[in-house]
Amino acid sequence: VLELSQDALFAVDRICALSRQYKFPVQFVCAPVPESVYRSWAADGRLNRLTRSLRSVVEPNCHGAVFADVNRDRSFPDYAFRDPDHLRRPGWATLYGLILRNMLATSSR
């Protein structure tokens, strides 16, 4: 089940409060997911439900929000992960770092 935990909701609420106070947008990025898992989650609608849930919390509360999903632009094969949540190092983790750097550089222009 993909859902926002109470801890995650608390963190998002605090981040949004800071974004309102200091007038900065917040960028939410869906992290890499093993390709087989991502396909399954997309097919049964879990990703869309999670995104809608996050948007319902974020959009009315943050100064601005941008949503991105790195899995839409780049596939992460199952073997790129050392366990269900973590990319293999150094190669795949470094690639993800480069993707994030490029996203942030593009959004700050």
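When ARG49, ARG55 are checked against the criterion of being on the phi < 0 side of the Ramachandran plot, open to solvent by 50 Å² or more (accessible area, probe 1.4 Å), within 13 Å of the chain's Cα centre (by Cα) and at pLDDT below 95, a single residue qualifies: ARG55. Cβ separations smaller than 7 Å between residues 6+ apart or across chains give the following pairs from region 1-20 residues that are in contact (Cβ under 8 Å) with a residue 24 or more places away in the chain to residues that are loosely packed, with under 13 Cβ neighbours inside 10 Å and not in a helix (DSSP H, G or I): SER19/PRO25. Consider region 86-99. How many of its residues are open to solvent by 100 Å² or more (accessible area, probe 1.4 Å) and closer than 24 Å to PRO25 by Cα? Residues meeting the conditions: 0. Selection of region 64-109 for residues being small (Gly, Ala, Ser) and touching a residue at least 60 places away in the same chain (Cβ under 8 Å) yields only SER107. Of the listed requirements (1) surrounded by fewer than 13 Cβ atoms within 10 Å (Cβ to Cβ); (2) part of a strand (DSSP E or B); (3) not acidic (Asp, Glu), PHE10 misses just one: (2). Please specify each residue of region 13-43 satisfying the condition of being among the acidic types (Asp, Glu) and either closer than 23 Å to LEU87 by Cβ or open to solvent by 70 Å² or more (accessible area, probe 1.4 Å) (or both). Matches in region 13-43: GLU35 only. When residues in region 73-85 are screened for being of a type outside the set (Gly, Ala, Ser) and surrounded by 13 or more Cβ atoms within 10 Å (Cβ to Cβ), 2 of them pass.
The values are calculated or read from the model by the stated rules, or taken from the named source; none is laboratory data. Computed from a predicted model, the values in this text were never measured in an experiment. Every residue, glycine as well, gets a Cβ built from its backbone with ideal geometry; the counts of neighbours run over all protein chains shown. Please note that ligands, DNA and RNA were not included when accessible areas were found on the heavy atoms of the full protein model with its side chains. Shrake-Rupley method; radii C 1.70, N 1.55, O 1.52, S 1.80 Å.
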